[in-house]
Amino acid sequence: MRQYSAIPPAPLPADGKPIKASPGRDWSTLKTLLPYLWTYKYRVSLALTFLVAAKLANVGVPLLMKKLIDGLTISPSDPHALLVLPVGILLAYGALRLATTAFTELREFVFAKVTQRAVRTIALKVFRHLHSLSMRFHLNRQTGGMTRDIERGTRGVSSLVSYTLFSILPTLIEIALVIAYLAWHYDIWFSVITAGALVCYIAFTVSVTEWRTHFRRTMNDLDSKANTRAIDSLINYETVKYFGNADYEAQRYDEGLQRYEAAAVKSQASLSLLNTGQSTIIAIAVTLILWRATNGVINHTMTLGDLVLVNSFMIQLYIPLGFLGVIYREIKQSLADMERLFSLLEQDQEIADAADATALLAPAGDVRFSHVDFGYEAKRQILFDVDFTIAVGTTTAVVGHSGSGKSTLSRLLFRFYDIDAGAITIGGQDVRHATQNSLRHAIGIVPQDTVLFNDTIEYNIAYGDPGCGKDRIIAAAKAASIHDFIMSLPDGYASMVGERGLKLSGGEKQRVAIARTLLKNPAILIFDEATSALDSKAEQAIQSQLKDIARDRTTLVIAHRLSTIADAQQILVLDAGRIVERGTHGELLAEDGLYRQMWQLQQARQEMELTPAL
């Protein structure tokens, strides 16, 4: 039976390194999968019962065919004997044919819930685990490769179960039944030829399939790289257009496709060799079996019915075996895909709740950074002995040049990373001893780079409090001064924002971010250059509202424009990860320090912008 190279290539794992197949890993993957299936052990047992029943019925069909033919054969000693229609045998033949299909479909029906529930459970577990991983993992991941790992891994669960339980196991059962019947009722050579051919067939198929696996693996790796490159290019669509590099990106993508094409041709050539070898083994075996059966009929040791029976057995055995190469390769590929999926579950969470972690006790308490040291990498420290307190209901602003570590403070407060030394407390409670869920519910942020979901404006605002009423969404939009803009759109709040919110301007996206943070109603607020994407007029329009929002909350403002934080009760000046100045706006201006230099520079730029060109 011809096999076809129709298996879609699988991607590299999320870390970009190919996983080499090994029997130990395959067994480990199976052990990981089995508990998900064994949860429904009664359904599994019932499905296996139907499987055996279907195979018994299938083997019974040629036996009835033998009786039917023998019953219609006219004896040479009585050529005038009347033929009688064997109605009972015909009805039994039809019943067995129906039973084979019925038991097979019952098996599929009973086992469908087991497979689909296992896929659902695993996919949900991986999804939750990915959201629990640290920001460090997500900054290093390859999105295109990882999403395909999940997609193919979950599909691999279904494929593995289907091919092992519904293809390999039934075929093995049928082989055992046929060989046993041939050995019991006929010349031992029938069993020897059948078993020998099966051993040769399986050994040849497995060895050639293993040999050509590297062709498949090469195709997989090249496809994954091309897919990752394509997704990266499409995600950065604007950058590609800015630099007019669409042809360059297409050329890079085509280079990967060319290498994939070359590997695919080699894979097909090796597949043709496999198909030819399999057909040769089958042809030799069937010829030898029919030769023995024909001799038996001539010698009157076998009937025509026996000849038909043996031939039918061979056909029933070799049809499913014709797909053995594809099935074996699919099983190996499914195991590899599942290994990639389960490897995601093995990723270290890095930032995990402590065993004694409790909900945040005082979300509205003082926020304190106590002698904090931190670095994203061991060899590159970002913060040095950062020490300050944000009193309840007050606003602390942090300013400094780009790269000074300002935004790192917000990431540490959210506990996206754990600090290297010191402590961060809220209401006196170390954030490492609070559950991450309660911590992040207590903090709201308007980030500098607002990324929106590819959904409606209403959905993106409501993300601050999913399930809230439309009235609250509108109130939040009005407070963020975006309601009028939304109502000017043809679809209003049902307007789609596009991939990453690209249909909206930077200022519009930032107002949506402000609205959804308002809807969250957090005790602690972080404005990470929240008005950086707004022009001066828009900034002035929203600045007073931001002050109203922050009035009764503990607020951390990370600012670039110093005019926006002049009213802050405390201003910290960061330089190279160290607090070099602190005080109010007036106090810092009175000092001849970095803050005063930054203020004078911004004032000079503002005056130049207001001065009309000659």
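Heavy-atom accessible area of residue 65 with all protein chains present, probe 1.4 Å, nearest 10 Å²?
50 Å²
If you take every residue apart from residue 295 with its C-beta less than 13 Å away from the C-beta of residue 295, what net charge results, scoring Lys and Arg +1 and Asp and Glu -1? Write down the numbers at each step before the final one.
On the way: positive: 292; negative: 187, 306.
Its environment carries a net charge of -1.
Taking the Kirkwood radius as the inverse of the mean 1/r across Cα pairs, report the Rg/Rh of region 237-383. Let's see the in-between values first.
Details: Rg = 32.8 Å, Rh = 24.2 Å.
Reported Rg/Rh (Cα atoms, Kirkwood Rh): 1.35.
What figure in square angstrom, to the nearest 10, would you give for the accessible area of residue 249 with a 1.4 Å probe?
Surface open to solvent at residue 249 totals about 40 Å².
Accessible area, 1.4 Å probe, largest first: how do 420, 592 sort? Present the calculation step by step, with values, prior to reporting the outcome.
On the way: 420 105, 592 130 Å².
Per-residue accessible area, sorted high to low, gives 592, 420.
Rounded to the nearest 0.05, what FRET efficiency do residue 184 and residue 206 give with R0 = 35 Å and r taken as the Cβ-Cβ distance? Could you check? If you can, show how the numbers build up before the last one.
Numbers: r = 29 Å, r/R0 = 0.83.
Efficiency for this residue pair is about 0.75.
Between residue 401 and residue 371, 0.36 nm times their residue separation minus their Cα-Cα distance comes to what? Don't skip to the answer; put the middle values down first.
Details: separation 30, 0.36 × 30 = 10.80 nm, distance 2.11 nm.
Extra length available between residue 401 and residue 371 comes to 8.7 nm.
Full-extension gain between residue 284 and residue 603, please, as 0.36 nm times their residue separation minus the C-alpha to C-alpha distance.
Values: separation 319, 0.36 × 319 = 114.84 nm, distance 9.25 nm.
My answer for the length gained is 105.6 nm.
Per residue, how much accessible surface does region 209-272 expose to a 1.4 Å probe? Answer in Å², no decimals.
Working: 3980 Å² over 64 residues.
Each residue of region 209-272 exposes 62 Å² on average to a 1.4 Å probe.
Please compute the per residue accessible area over region 359-454 with all protein chains in place, 1.4 Å probe, rounded to a whole number of Å².
Working: 4020 Å² over 96 residues.
Accessible surface, normalised per residue, equals 42 Å².
What pairs in 241/509; 31/332; 241/503; 470/520 have C-alpha atoms more than 18 Å from each other? Write down the numbers at each step before the final one.
Values: 241/509 21 Å; 31/332 15 Å; 241/503 16 Å; 470/520 14 Å.
Check vs 18 Å cut-off fails for 241/509.
What does the convex hull of the alpha-carbon atoms of region 343-473 project to on average, in nm²? Before the final figure, lay out the partial values.
Numbers: hull surface 44.2 nm².
For region 343-473, averaging the hull's shadow over all directions gives 11.0 nm².
Taking a probe of 1.4 angstrom, what is the accessible area of residue 596 in Å², to the nearest 10?
Surface accessible to solvent at residue 596 totals approximately 80 Å².
Please state the equivalent ellipsoid semi-axes for region 150-189: what are the square roots of 5 times the Cα gyration tensor eigenvalues, largest first, in whole Å?
Values: eigenvalues 259, 8, 3 Å².
For region 150-189, the ellipsoid semi-axes come out as 36, 6, 4 Å.
Could you tell me which of the pairs 406/547; 55/113; 125/406 are separated by over 31 angstrom between their Cα atoms in the structure shown?
Details: 406/547 20 Å; 55/113 22 Å; 125/406 35 Å.
Pairs exceeding 31 Å: 125/406.
Go from 0 up to the bin containing the longest alpha carbon distance in region 421-540, width 5 Å each, and give me the % of pairs per bin.
Per 5 Å bin, starting at 0, the Cα pair percentages come out as 2, 11, 20, 22, 18, 11, 7, 5, 2, 1, 0.
Can you sort 406, 478, 113 by solvent-accessible area, 1.4 Å probe, largest first? Each step should come with its number before you reach the end.
On the way: 406 20, 478 120, 113 90 Å².
The ordering from most to least exposed comes out as 478, 113, 406.
The values are calculated or read from the model by the stated rules, or taken from the named source; none is laboratory data. Predicted model, so just to flag it, every value in this text is computed and none were measured. Cβ: placed from backbone, ideal geometry, glycine included. Neighbour counts: every protein chain shown. To get the accessible areas, we keep the full protein, side chains included, count just its heavy atoms, and leave off ligands, DNA and RNA. Shrake-Rupley method; radii C 1.70, N 1.55, O 1.52, S 1.80 Å.
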